[in-house]
Amino acid sequence: MITVTGTVFQLDTAHTSYLFEARGGLLQQLYYGPRIKTHDAEPLREKTAAGYGSEVVYKAAEKPLSLDSRPLEFSPKNKGDYRLPAFSARTGQGFTADLVYEGFRVEEALPAPEGLPAPHGGDGCLIVTLKTADGLEVELLYGVFEQADVIARSLRVVNRTKAPLELLRAMSFQLDLPGCGYTLATLDGAWARERHVTEHRLAPGAVVFGSRTGASSNRTNPFFMVYEDGAGEFAGRVYGCNLVYSGSFEGAAEVSPLGSTRIMEGVQSDGFCWPLAPGERFEAPWAVLTCSDAGKNGMSQNMHRFVKEHILPPAFAHKLRPVLLNNWEATYFDFNERRLLRLAREAAALGVELFVLDDGWFGARDSDSAGLGDYEVNRKKLPSGLDGLGDKVRALGLGFGLWMEPEMVNEDSGLYRAHPDWAVKAPGVEPGRGRNQLVLDLCRREVRDYIVENVVRTVKTAGAAYVKWDMNRHVSDNYSPALDEQGRFAHRFVQGLYEIFRRVTEACPDVLFEGCASGGDRFDLGVLCYMPQIWTSDDTDAYERQLIQTGTSYGYPPCVMAAHVSASPNHQASRPSPLEARFDVAAFGLLGYELDLTVASAAEKKAMKEQIAWYKAHRQVLQQGDFYRLKSLFGPDDTRGLTARETQWITVAPDKSEAVAGEFMGLLVPSSAKPPMRLYGLHPDRLYEISVRREVINIKTFGSLINQILPFRVNADGLLMHTASGVYMLPCEEEHYTAWGDLLMRAGLRFKQSFTGTGYNDDVRLMPDFSGRLYALKAGAGALRAEKESKNEQSTN
Ligand code: DGJ
């Protein structure tokens, strides 16, 4: 709800309030946090009677008002606020821009910034205008999303002066928080190690983060959080911020010398220069803010709701996603139709629903050094074409999906030979190559048209139900002959990308698109506005995925994270992990398989078939439930080294009738007492039946210890053991409990004793390094009966 009282602006969502006021020409921040009732704004106002020492007084006529110590929504430039600015422009007055409050208006819908996506839905948009005396205008936009507890912010700069100007910095928002007892947490990493949580305890000075790679990047994600000292997963005040943008961006958190904290985020200003002729405007991407006093999980819940309800394409937001098999790590470039169909047949027999043909199906694409840019199917590999292969796959009862990398070109390709000038390169400079490829210049209309026409035609020819849209290098050598000013390149490039996304997805409305960029190099809200899911990381190692999926979950719900079961040892981390653990972690995302099923043993296939059946039975809650982190590997070791560090997650149906909890081992600690697993998000007064998913354990796990169980001796590395493990696996322990939600959340579940080398039987829980377990919870028929009985008992007592 947007309420304007005089010049006090109050934006209320279901559980938060955001207040600021126009005073002395300035927009002064009053409060952002859990919802409050306001009688008047006075208690919220920063009181100043005298300036601090060397401060600069903003306006002599006003009270001694120094900008440097004010909590501001937006700061005039070069007027005595020495903190990081959200805005900078070069005008006839140099870098000085005395932007003062002019007025406001309220609009119903959030406008989409030029060439960029906008969140959909929402409960109104407040637009506040600031102006300089000579007509430079800045509009601050505030979108309200009541049920998601989100305030979206954006900024527009309009040149209403008579002279041209250059915009040099235009953050989507600036927010001044009171005090300085905060920690900033960013999601950082690299290829195959995306979105690990980094905590920066804020101190005087600025922490500046972001990307210059042309994409939102695997280095630092646009999502970040800031929390008060003492905040944890379940309690404490936490602010979450994100940007609806897929290009180079910048974020910062600064503690001022006077001990207040400023945060901001927007397009990357390094290399940014946006000339505005009189009458022209620049529109910054939408930023997204939320706040919760229920800790990081509370904040994540808001972000997850917001992504599902206001970012994802509505047609897919609540649609269950198919279990897929992707051929990439099974074959890489080395396949033909016969090999693919063998894989597809195996997949269909296991219950897989979609077969995805990855890289290598077109042009001379037998390695990563040729073919990108071309769309002609490689008839040597696929003699019956994409349509022929698609039909054969569909005849097996599977959907057919296709990989593409439309933004790129190899120099060894028909496209490059025809249009060498379509690749991004600066005149007279040898361009940098990444994965042997160049980037297509998306600032050029003819390039965008070529991509759209070819992608749409190919998708239709193949009858593809799914497309994996890849992008495998950073952008460099930023230059486009289509631009009057190269300082526009990074932003125009992203606008070009969104135009392509929009045209392609509009032309193929029923196709499920999955964003991808060398795994998770472009995992952001901008992509999610068009593509309802993203390949989370190329790294599918069960242990590394605990970290990656935990980190990602701070800002994004499981229903956007594609997660595959791949081979062991893992191709990226070279780490071995149990097949069942690889499934357990992947089950908390959008499940797929990416390994050579034709060489899987009978026991492995049986296990995978059971995994898929189990996933389908719990798919609704796994993909659409409310997700909470119970324990994570990030942060200090609170076990004193005495018990294993683990990851624990739970996802709960919105009506709390069912849930799935997962536990994932880091490194095992021998002879350690395991604390109970405390759950979260359940209904305290409902009775749940809990059962462990009956996993199987590869008998090779025991090594030569197996000789203590068997009546005869075997060589642990020998052929007999290998053959036996291929046909037989041991069932894991059986555990089944019935318990009230309050018990599960307050006391927690104690599991069977962990195996520590002193005997193995049905009462022992064998969880070696990197292993996992899943528990299904159901407030089912038996549980409901018990609930009624307990209620009757209580009423007769
Ligand atoms: C990078 C992706 O992340 C992989 O999954 C795979 O599609 C390769 N590209 C193919 O080149």
### Query
Any idea how many residues of segment 4-29 are in contact with an Asp or Glu (Cβ under 7 Å, 6 or more places away or on another chain) and not small (Gly, Ala, Ser)?
10
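Here is a yes/no grid of residues against (1) within 16 Å of the ligand (Cβ to nearest atom); (2) part of a loop (DSSP other than H, G, I, E, B); (3) over 22 Å from Pro654 (Cβ atoms); (4) small (Gly, Ala, Ser):
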{"position": "Val226", "(1), (2), (3), (4)": "no, no, yes, no"}
{"position": "Gly251", "(1), (2), (3), (4)": "no, no, yes, yes"}
{"position": "Ile263", "(1), (2), (3), (4)": "no, no, yes, no"}
{"position": "Ser269", "(1), (2), (3), (4)": "no, yes, yes, yes"}
{"position": "Phe282", "(1), (2), (3), (4)": "no, no, yes, no"}
{"position": "His304", "(1), (2), (3), (4)": "no, no, no, no"}
{"position": "Val307", "(1), (2), (3), (4)": "no, no, no, no"}
{"position": "Leu320", "(1), (2), (3), (4)": "no, yes, no, no"}
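The rows are residues; the columns are (1) surrounded by 21 or more Cβ atoms within 10 Å (Cβ to Cβ); (2) within 22 Å of Ala465 (Cβ to Cβ); (3) more than 16 Å from the ligand (Cβ to nearest atom); (4) not hydrophobic (A, V, I, L, M, F, W, C).
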{"position": "Val393", "(1), (2), (3), (4)": "yes, yes, yes, no"}
{"position": "Leu398", "(1), (2), (3), (4)": "yes, yes, yes, no"}
{"position": "Met404", "(1), (2), (3), (4)": "yes, yes, no, no"}
{"position": "Asp412", "(1), (2), (3), (4)": "no, no, no, yes"}
{"position": "Ala418", "(1), (2), (3), (4)": "no, no, yes, no"}
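Inside segment 686-717, can you point out the residues that are more than 44 Å from the chain's Cα centre (by Cα) and either closer than 23 Å to Glu580 by Cα or touching a residue at least 40 places away in the same chain (Cβ under 8 Å) (or both)?
Filtering segment 686-717 for residues more than 44 Å from the chain's Cα centre (by Cα) gives 707-715.
Hit for segment 686-717 is Ile709, nothing else.
Matching residues to (1) assigned to a helix (DSSP H, G or I); (2) more than 30 Å from Glu646 (Cβ to Cβ):
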site: Val455; (1), (2): yes, yes
site: Pro481; (1), (2): no, yes
site: Gln495; (1), (2): yes, yes
site: Phe501; (1), (2): yes, yes
site: Thr505; (1), (2): yes, yes
site: Pro509; (1), (2): no, yes
site: Phe513; (1), (2): no, yes
site: Tyr530; (1), (2): no, yes
site: Ile534; (1), (2): no, no
### Task
Could you look through segment 658-668, keep only residues that are in contact with a strand residue (DSSP E or B) (Cβ under 9 Å, 6 or more places away or on another chain) and of a type in the set (A, V, I, L, M), and pick out the one that is nearest to Leu682 (Cα to Cα)?
Ala659
### Task
Inspect segment 239-249 for any residue being closer than 20 Å to Ser75 by Cβ and outside any strand (DSSP E or B) and give the result as yes or no.
no
### Query
Where in segment 46-152 are the strands (runs of 3 or more DSSP E), entirely inside, with at least 3 residues that are in contact with an Asp or Glu (Cβ under 8 Å, 6 or more places away or on another chain), over 26 Å from Met299 (Cα atoms) and at pLDDT 95 or above?
125-131
### Query
Can you name the residue in segment 24-39 that is touching a residue at least 24 places away in the same chain (Cβ under 8 Å) and surrounded by fewer than 19 Cβ atoms within 10 Å (Cβ to Cβ) and, of all such residues, is nearest to Gln147 (Cα to Cα)?
Pro34
### Task
Quickly run through segment 522-540 and pick out the residues that are under 25 Å from Ala423 (Cβ atoms) and in contact with a Ser or Thr (Cβ under 6 Å, 6 or more places away or on another chain).
Arg522, Asp524, Gly526, Val527, Tyr530
### Query
Looking at this structure, is Asp655 in contact with a strand residue (DSSP E or B) (Cβ under 6 Å, 6 or more places away or on another chain) and surrounded by fewer than 22 Cβ atoms within 10 Å (Cβ to Cβ)?
no
### Message
Just the residues that are of a type in the set (D, E, K, R) and surrounded by fewer than 21 Cβ atoms within 10 Å (Cβ to Cβ), please, taken from segment 290-336.
### Response
Asp293, Arg305, Lys308, Glu309, Lys319, Glu329, Asp334
#### Entry: Among (1) over 30 Å from Ala602 (Cβ atoms); (2) small (Gly, Ala, Ser); (3) free of Cβ contacts under 8 Å to residues at least 60 places away in the same chain, the one test that Ala659 misses
(3)
### Task
Out of the residues in segment 535-561 that are under 12 Å from the mean Cα position of the chain (by Cα) and under 15 Å from Ala192 (Cβ atoms), state the one that is nearest to the ligand (Cβ to nearest atom).
Trp535
### Complete set of residues in segment 399-423 that are in contact (Cβ under 8 Å) with a residue 60 or more places away in the chain and among the hydrophobic types (A, V, I, L, M, F, W, C)
Phe400, Leu402, Trp403, Met404, Met408
### Query
If you check Val669 against the conditions, is it in contact with a Lys or Arg (Cβ under 9 Å, 6 or more places away or on another chain), within 20 Å of Phe770 (Cα to Cα) and part of a loop (DSSP other than H, G, I, E, B)?
yes
### Message
Take Thr213 and tell me if it is touching a His at 6+ places or on another chain (Cβ under 8 Å), polar (S, T, N, Q) and within 25 Å of Asp521 (Cβ to Cβ).
### Response
yes
### Query
Given the residues Val100, Val128, which is the only one that is touching a residue at least 60 places away in the same chain (Cβ under 8 Å), crowded, with 21+ Cβ neighbours inside 10 Å, among the aliphatic types (A, V, I, L, M) and in the same structural domain as Arg281 (by TED's automatic domain parsing)?
Val128
### Task
Examine segment 444-453 for a residue that is surrounded by 14 or more Cβ atoms within 10 Å (Cβ to Cβ), within 16 Å of the ligand (Cβ to nearest atom) and either in the same structural domain as Ala348 (by TED's automatic domain parsing) or among the β-branched types (Val, Ile, Thr) (or both), and state whether such a residue exists.
no
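One line per residue, one yes/no per condition, for (1) more than 12 Å from the ligand (Cβ to nearest atom); (2) on the phi > 0 side of the Ramachandran plot; (3) touching a strand residue (DSSP E or B) at 6+ places or on another chain (Cβ under 9 Å):
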{"residue": "Asn327", "(1), (2), (3)": "no, no, yes"}
{"residue": "Glu337", "(1), (2), (3)": "yes, no, no"}
{"residue": "Leu343", "(1), (2), (3)": "yes, no, yes"}
{"residue": "Ala347", "(1), (2), (3)": "yes, no, yes"}
{"residue": "Val352", "(1), (2), (3)": "yes, no, yes"}
{"residue": "Trp361", "(1), (2), (3)": "no, no, yes"}
{"residue": "Gly371", "(1), (2), (3)": "no, yes, yes"}
{"residue": "Lys380", "(1), (2), (3)": "yes, no, no"}
### Spans of helices (runs of 4 or more DSSP H) in segment 561-632 with at least 3 residues basic (Lys, Arg) and at pLDDT below 95
none
### Pairs where the first residue, in segment 592-611, is over 25 Å from Leu320 (Cα atoms) and the second is within 16 Å of the ligand (Cβ to nearest atom) and β-branched (Val, Ile, Thr), C-beta under 8 Å, 6+ apart
Asp596/Thr331
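The values are calculated or read from the model by the stated rules, or taken from the named source; none is laboratory data. Bear in mind that the values here come from a model prediction, so they are computed numbers and not experimental data. Positions of Cβ are generated from backbone atoms using ideal geometry, with glycine treated the same way; all protein chains shown enter the neighbour counts.
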